[in-house]
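Notes to accompany the following structure.
The values are calculated or read from the model by the stated rules, or taken from the named source; none is laboratory data. What you see is a predicted model; the values in this text were computed from it and never measured. Glycine gets a Cβ as well: all are built from the backbone with ideal geometry, and neighbour counts include every protein chain shown. The accessibility values were calculated without ligands, DNA or RNA, using every heavy atom of the protein model including side chains. Shrake-Rupley method; radii C 1.70, N 1.55, O 1.52, S 1.80 Å.
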Amino acid sequence: MLYYFYVLTSSDKPDDIRYVGVTTAKLNQRLSGHRYNAHHENKRSQPVHKWMWKKYQEGFDIIMKQIDCCEKDMWEVTEKKWVKYYR
């Protein structure tokens, strides 16, 4: 099983990485899940979803970019590497 790493940015500031994520799903499915949470107030508890909702309200799109992938045994190490890199 592959783990896919991605970042979320907005169309107004595409170089401003706001979130680093990991998923085993297809990236478009994961983005759809983030979008769903952002658009439903009762699901909008995480900062990333509040940020997404604000950007949608301002008329901007959310951009997802894949940055890496790895096997199951390396996902935690890889995630730490990318979170540290984007901090």
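Taking K and R as +1 and D and E as -1, what net charge do the other residues with C-beta under 9 Å from the C-beta of Met1 add up to?
On the way: positive: Lys72; negative: Glu71.
With Lys, Arg at +1 and Asp, Glu at -1, the neighbours total 0.
Leaving ligands, DNA and RNA out of it, report the carbon-plus-sulfur percent of the accessible area of the range 1-84 at a 1.4 Å probe. If you can, show how the numbers build up before the last one.
Working: 2640 of 5470 Å².
Solvent-exposed carbon and sulfur of the range 1-84 make up 48 percent of the total.
Can you compute the helix-only [θ] at 222 nm over the chain? Use -39500 (n - 2.57) per DSSP H run of at least 4 residues, normalise by all residues, nearest 500 deg cm²/dmol.
Calculated from helices alone, the mean residue ellipticity at 222 nm is -13000 deg cm²/dmol.
Where does the charge balance sit around Ile63 when Lys and Arg score +1, Asp and Glu -1, over other residues with C-beta under 11 Å from its C-beta?
For residues surrounding Ile63, the net value is 0.
Pairs of alpha-carbon atoms within less than 8 angstrom and 6+ residues apart define the contacts here; what relative contact order does the chain have, in percent? Please list the in-between numbers first.
Numbers: 111 pairs, mean separation 37.1, N = 87.
That works out to 43 percent.
Calculate the length of the line joining the C-alpha centroid of the range 46-87 to that of the range 19-39, in whole Å.
About 9 Å separates the Cα centre of the range 46-87 from the one of the range 19-39.
Just to be sure I understand the model, the point goes 7 Å from the Cα along the line to the Cβ. What's the resulting Asp61 to Tyr36 distance in nm?
2.2
Name the shape class, rounded, prolate or oblate, that the alpha-carbon gyration tensor gives for the range 23-73, where a ≥ b ≥ c are the square roots of its eigenvalues, rounded holds for a/c under 1.5, and otherwise prolate holds if a/b is larger than b/c and oblate otherwise.
It comes out prolate by the Cα gyration axes.
Just the accessible area per residue of the chain, please: how many Å² with a 1.4 Å probe? Provide the component values of the computation, followed by the final result.
Values: 5920 Å² over 87 residues.
Heavy-atom SASA per residue in the chain reads 68 Å².
Scan the chain for GluC sites (Glu not before Pro) in coil per DSSP, keeping those whose Cβ has at most 12 other Cβ atoms within 10 Å, and list them by number.
Counting only loop positions with at most 12 other Cβ atoms within 10 Å, the GluC sites (Glu not before Pro) in the chain are Glu58.
Kindly provide log₁₀ I(q)/I(0) values, in the same order as q = 0.21, 0.23 Å⁻¹, from the Debye equation applied to equal alpha-carbon scatterers of the chain.
-1.02, -1.15
Can you compute the modelled spin-label distance between Thr24 and Ser45, with each label point 7 Å from Cα toward Cβ, in nm?
The modelled label-to-label distance comes out at 2.3 nm.
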